1. Tell me which of these ALA148 doesn't satisfy, since it passes every other one: (1) in a helix (DSSP H, G or I); (2) buried (at least 21 other Cβ atoms within 10 Å of the Cβ).
2. Please find, among VAL47, VAL98, VAL82, VAL13, the residue that is touching an Asp or Glu at 6+ places or on another chain (Cβ under 9 Å) and among the hydrophobic types (A, V, I, L, M, F, W, C).
3. Answer yes or no: is there a residue in the stretch 206-216 that is touching a Lys or Arg at 6+ places or on another chain (Cβ under 6 Å), surrounded by 19 or more Cβ atoms within 10 Å (Cβ to Cβ) and either of a type in the set (A, V, I, L, M, F, W, C) or on the phi < 0 side of the Ramachandran plot (or both).
4. Here are some conditions: (1) modelled with pLDDT of 95 or more; (2) surrounded by fewer than 14 Cβ atoms within 10 Å (Cβ to Cβ); (3) of a type in the set (D, E, K, R). ARG160 meets all but one. Which one does it not meet?
5. Which ones in the stretch 194-244 are of a type in the set (Gly, Ala, Ser), touching a residue at least 40 places away in the same chain (Cβ under 8 Å) and either out of contact with any strand residue (DSSP E or B) (no Cβ under 9 Å at 6 or more places or on another chain) or in a loop (DSSP other than H, G, I, E, B) (or both)?
6. Of ALA93, ALA85, ALA127, which residue is within 30 Å of GLU236 (Cα to Cα) and buried (at least 19 other Cβ atoms within 10 Å of the Cβ)?
7. Taking only pairs six or more apart or across chains, which ones have beta-carbon atoms under 8 Å, a first residue in the stretch 145-174 that is on the phi > 0 side of the Ramachandran plot, and a second residue that is among the hydroxyl-bearing types (Ser, Thr, Tyr) and not in a loop (DSSP other than H, G, I, E, B)?
8. Among (1) surrounded by 14 or more Cβ atoms within 10 Å (Cβ to Cβ); (2) under 18 Å from GLY76 (Cα atoms), where does VAL167 come up short?
Amino acid sequence: MRVLGRLLLLALVLAFLAAALFYFLRWQGYFLLPQEAAPRQWEVFGVDVSVYQGEVDWPALAAQGVDFAFIKATEGSSLQDVRFAANWADAQAAGVRVGAYHFFSYDSPGETQADNFIDMVPVTPGALPPVVDIEFYGDNLENPPDQAHVHSILAPLLARLEEHYGVKPILYVTYRSYDLYLREGYEDHPLWVSSPMVAPFGKDWSFWQYSHSAELEGYFGDERHIDLNVFRGSEEEFRRFGLA
C-alpha cells in the first residue's frame, strides 16, 4: 500500500507540475490555440497567404488585428503566384505591412530562383525582408537532399536577394529543415519558425507561425484555412525590423 500511495502522490505532483507549466506558457503567450487570432500576449500579429486563399479582403483582415502579411510570390525558378501583385498592392492600401516569400526548390539553381523572385517582387520601402521558405515536398519528405547540395543552391540565392534588396533575407524553417541545413552558418539571418501551438524554444526566432488551421473572415479561395503568426517584439521594434 505504501508503494501505491507513493506512486499516487508522484502522479499528483507530476499532474500539478504539468498544469502549472501549461498555464505559465499560456500566460506568457508561448502556447497559443490554432484559432487564436491577434493573441493578447503579443503586440504584432500577422498571416501568410498564397493563391489558395483566393481573393483577399485586406481591410477585413486588418479589422481582425492583422498587422503584417507574408505573401507568396514565387516557387523555384519559374512559378509565380498569380495573386501576388493584387495581394501586395491591396494589403499595403489596407495598412498591412507586407513581406514576400519564395518557396525554395531543391531542383534548380539558386541564381535562377533569385531571378524569378526579383522579377516578381519590387523593391518597396517599408516592406519586410524577403523570405526563403525551406521545407520538404514530394520525394524529399522521405529522402531529404544532403546538406552540401542544399547549401550550393541556398548560398547564391540568399546572396543575390541580399544584394538586390539590401537586407538579410528571412529564413522560414521547420524543425527538420533547420536541424538538417541551417543550425550553423546562418545565424545572421532572421528566423520565421513553424511550430504549431508551442513556441519554438531554443531558437532565436523573429516570427513564429503558430497555426496552420485557423479560419478568419475576408478571403474567398478554395482553402478556408489561413496561417497565423506573431512577431517577437514590440510595435516599435516591428516598425524598425528589416529596415536597411
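The values are calculated or read from the model by the stated rules, or taken from the named source; none is laboratory data. Values in this document were obtained by computation on a predicted structure and should not be read as measured data. With ideal geometry, Cβ positions are generated from the backbone for all residues, glycine too; neighbour counts draw on all protein chains shown.
1. (2)
2. VAL47
3. The answer is yes; a qualifying residue exists.
4. (2)
5. Hits for the stretch 194-244 are ALA199, GLY218, GLY221, GLY233, SER234, GLY242, ALA244.
6. One residue alone meets the criteria, ALA127.
7. Here the result reads none, with nothing in the stretch 145-174 linked to a residue that is among the hydroxyl-bearing types (Ser, Thr, Tyr) and not in a loop (DSSP other than H, G, I, E, B).
8. Among (1) surrounded by 14 or more Cβ atoms within 10 Å (Cβ to Cβ); (2) under 18 Å from GLY76 (Cα atoms), VAL167 violates only (2).
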